[in-house]
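This report refers to the structure that appears directly beneath it.
The values are calculated or read from the model by the stated rules, or taken from the named source; none is laboratory data. For clarity, every value in this text was computed on a predicted model and none was experimentally measured. Glycine gets a Cβ as well: all are built from the backbone with ideal geometry, and neighbour counts include every protein chain shown. Just the protein is used for accessible areas: all its heavy atoms, side chains included, with ligands, DNA and RNA removed. Shrake-Rupley method; radii C 1.70, N 1.55, O 1.52, S 1.80 Å.
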Amino acid sequence: MTAILDTLRDQVRGDVITPDDPAYDDARSVHNAMHDRRPAEVVRCVDAADVRATVLAAQDAGLELAVRGGGHSVPGFGTVDDGIVIDLSPMRYVHVDPERRRARVGGGATWGDLDHATHAFGLATTGGIISTTGVGGLTLGGGIGHLARGFGLSCDNLVSADVVTADGRMLTASADEHDDLFWGLRGGGGNLGVVVSFEFALHPVGEIIGGPIFYEVEDAPAVLDFYRRYISGAPEEMGAFFAWQIAPPLPFIPEERHGDTFCALVTCLAGRHDEADELFKPLFDVAPVVAQHVGRMPYPALNSAFDALVPPGLQHYWKADFVRELTDEGIAAHVEHGPRVPHMSSTMHLYPINGAVHRVAPDETAFAYRDMQFAAVIAGMWPDPADNEQNIGWVRDYWSAIHPHSGAEGAYVNCLSGDDQNRIRGSYGGNYERLAAVKATYDPDNVFHLNQNVAPAR
Ligand SMILES: Cc1cc2nc3c(=O)[nH]c(=O)nc-3n(C[C@H](O)[C@H](O)[C@H](O)COP(=O)(O)OP(=O)(O)OC[C@H]3O[C@@H](n4cnc5c(N)ncnc54)[C@H](O)[C@@H]3O)c2cc1C
């Protein structure tokens, strides 16, 4: 084993970091500080050749292999005890072709990297709402963000991907080449190989009008009742999600209310700016507004506005559900548990996934749930491990209360926790068997199993 790892050092151009290296503690850390793991080696791959060599060496040495893009996996899939980590963070390039409205993106890029590069040309594609999240993991699991109603999920905007597979081949997956692999990459997570390069379709999005609107917790039933109707019929340029939020010390929130709990709508109008007054009026009228920060801003400004709430090093425990319809009973469950949110970084987000997301057939991509109104995620995030029991308890109790009213067995795989493995099959619905068959074609020995794992069909 040692000889194989020594040889790997000679084969790759990126840094190979072992426990005796001063950079080791930095190299082994992931966003969720609960996962304090000690890999045998972290290989900072600079190109596909490095990835290929590492994938093969890990198998030769009989070691587990973790693949890390942005490192945001809540179950900590981007690291592993005693195994090898492929760290794609040196591969963060973004090449934009403004004429064809395409971006070619390295497997370790973050949404901040992509937004920065595309915004210069007045273009964007659906990404996450935090700029430090990886393009890789987020896209491969689906990808829900401000622009999803208008342009679909991140994976719906994937045009092609270059993938290093378990046997060391490099395949291009698209609608025309290895279309089964391309189908599986759009929702199937990291199950099928290491994507070294993504190609995305871009859309004309420069400035947006948006930001958060805060209401009193007592008004949450009215806000939720209004919101479910509003977002089912609003123009698709309007992205707006519901959230609970303990007020951070920001200038637009009255100082005496800092630390109080509110409900909020986080808005993003990515077009139809001449109709903004009309489209925002009902949001300002539904209940008294305590604070708001809605304005015209560059899209990347909104997409990085909440980064400070979720710095690296917090403890994370999340649970999730797709929501077919937000029922009165569902609202009552949210209103009972949401206001108990224990920490400023914790929240529940209710993301709308209608509009363009519904125009893709359920069997067109591995992401199966194309008739849901919302994706709910209860995201517990707090700094002190001594508070784990209280915070994990809040997430579990909240989820147990809403789940009976969700009308769906599954949840968005990128927001499942590590103890949700029994929900993976349900989260792929009718696509599970096909995904297992694609897995058997491209990764029959389940080399890539540190993910929400789909076992290869036998
Ligand atoms: C603070 C925060 C905010 C979030 N916001 C959103 C949001 O707005 N919308 C949303 O949809 N989700 C969101 N998520 C969830 C997010 O989609 C998942 O955590 C996702 O897995 C993160 O991807 P990553 O590359 O950063 O993570 P990593 O931990 O690096 O990887 C996650 C998984 O993807 C695999 N993977 C990553 N890159 C590659 C690659 N290039 N090739 C093959 N496999 C790869 C890994 O092996 C692992 O299994 C958020 C998560 C956090 C922690």
For this session: Output the number of the condition that Phe262 fails; it satisfies all remaining conditions of (1) open to solvent by 50 Å² or more (accessible area, probe 1.4 Å); (2) in contact with a strand residue (DSSP E or B) (Cβ under 7 Å, 6 or more places away or on another chain); (3) under 13 Å from Pro212 (Cα atoms).
Result: (1)
Seminar exercise, completed: If we keep only residues of the stretch 189-215 that are in a loop (DSSP other than H, G, I, E, B) and more than 13 Å from the ligand (Cβ to nearest atom), then the residue farthest from the chain's Cα centre (by Cα) is Gly206
Exercise. Among (1) without any contact (Cβ under 8 Å) to a residue 12 or more places away in the chain; (2) of a type in the set (Lys, Arg); (3) over 30 Å from Asp445 (Cβ atoms), which single condition is Arg228 missing?
Worked result: (1)
Exercise. Among the residues of the stretch 80-87, is there at least one that is of a type outside the set (A, V, I, L, M, F, W, C), more than 18 Å from Asp36 (Cβ to Cβ), open to solvent by less than 20 Å² (accessible area, probe 1.4 Å) and within 15 Å of the ligand (Cβ to nearest atom)?
Worked result: no
Seminar exercise, completed: Counting only residues in the stretch 38-67 that are of a type in the set (Lys, Arg) and free of Cβ contacts under 8 Å to residues at least 60 places away in the same chain, the one farthest from the ligand (Cβ to nearest atom) is identified as Arg38
Problem set entry | Options Leu138, Leu153; residue that is assigned to a helix (DSSP H, G or I) and near the ligand (Cβ under 9 Å from one of its atoms) | Leu138
For this session: Just need a number here: residues in the stretch 228-248 that are touching a Cys at 6+ places or on another chain (Cβ under 8 Å) and over 13 Å from Ser345 (Cβ atoms).
Result: 4
Problem set entry | Pairs where the first residue, in the stretch 87-108, is assigned to a loop (DSSP other than H, G, I, E, B) and the second is of a type in the set (Lys, Arg) and crowded, with 21+ Cβ neighbours inside 10 Å, C-beta under 6 Å, 6+ apart | Pro90/Arg44
Exercise. Checking Asp115 against (1) touching a helix residue (DSSP H, G or I) at 6+ places or on another chain (Cβ under 6 Å); (2) of a type outside the set (Phe, Trp, Tyr); (3) over 22 Å from Cys415 (Cβ atoms); (4) away from the ligand (no atom under 11 Å from the Cβ), which single condition isn't satisfied?
Worked result: (3)
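Residue-wise test of (1) farther than 29 Å from Ala234 by Cβ; (2) open to solvent by 20 Å² or more (accessible area, probe 1.4 Å); (3) not charged (D, E, K, R).
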{"position": "Val377", "(1), (2), (3)": "no, no, yes"}
{"position": "Gly393", "(1), (2), (3)": "yes, yes, yes"}
{"position": "Ser406", "(1), (2), (3)": "no, no, yes"}
{"position": "Asp419", "(1), (2), (3)": "yes, yes, no"}
{"position": "Glu433", "(1), (2), (3)": "yes, yes, no"}
{"position": "Asn446", "(1), (2), (3)": "yes, yes, yes"}
Exercise. Name the strands (runs of 3 or more DSSP E) wholly within the stretch 276-366 that hold at least 1 residues that are on the phi < 0 side of the Ramachandran plot and either among the β-branched types (Val, Ile, Thr) or within 16 Å of the ligand (Cβ to nearest atom) (or both)?
Worked result: 289-292, 315-323, 347-352
For this session: Taking only the stretch 287-321 into account, find how many residues are over 29 Å from Leu123 (Cβ atoms), open to solvent by less than 40 Å² (accessible area, probe 1.4 Å) and touching a helix residue (DSSP H, G or I) at 6+ places or on another chain (Cβ under 8 Å).
Result: 8
Exercise. Quick one: is Asp81 of a type in the set (D, E, K, R), touching a Lys or Arg at 6+ places or on another chain (Cβ under 6 Å) and either over 26 Å from Trp318 (Cα atoms) or not in a strand (DSSP E or B) (or both)?
Worked result: yes
Exercise. Checking Arg9 against (1) under 21 Å from Gly137 (Cα atoms); (2) out of contact with any helix residue (DSSP H, G or I) (no Cβ under 7 Å at 6 or more places or on another chain), which single condition isn't satisfied?
Worked result: (1)
Problem set entry | Filter result for Asn157 (closer than 12 Å to Ala366 by Cβ, crowded, with 23+ Cβ neighbours inside 10 Å, in contact with a Phe, Trp or Tyr (Cβ under 8 Å, 6 or more places away or on another chain) and among the polar types (S, T, N, Q)) | no
Exercise. Would a scan of the stretch 298-318 turn up a residue that is touching a residue at least 24 places away in the same chain (Cβ under 8 Å) and touching a Leu at 6+ places or on another chain (Cβ under 7 Å)?
Worked result: no
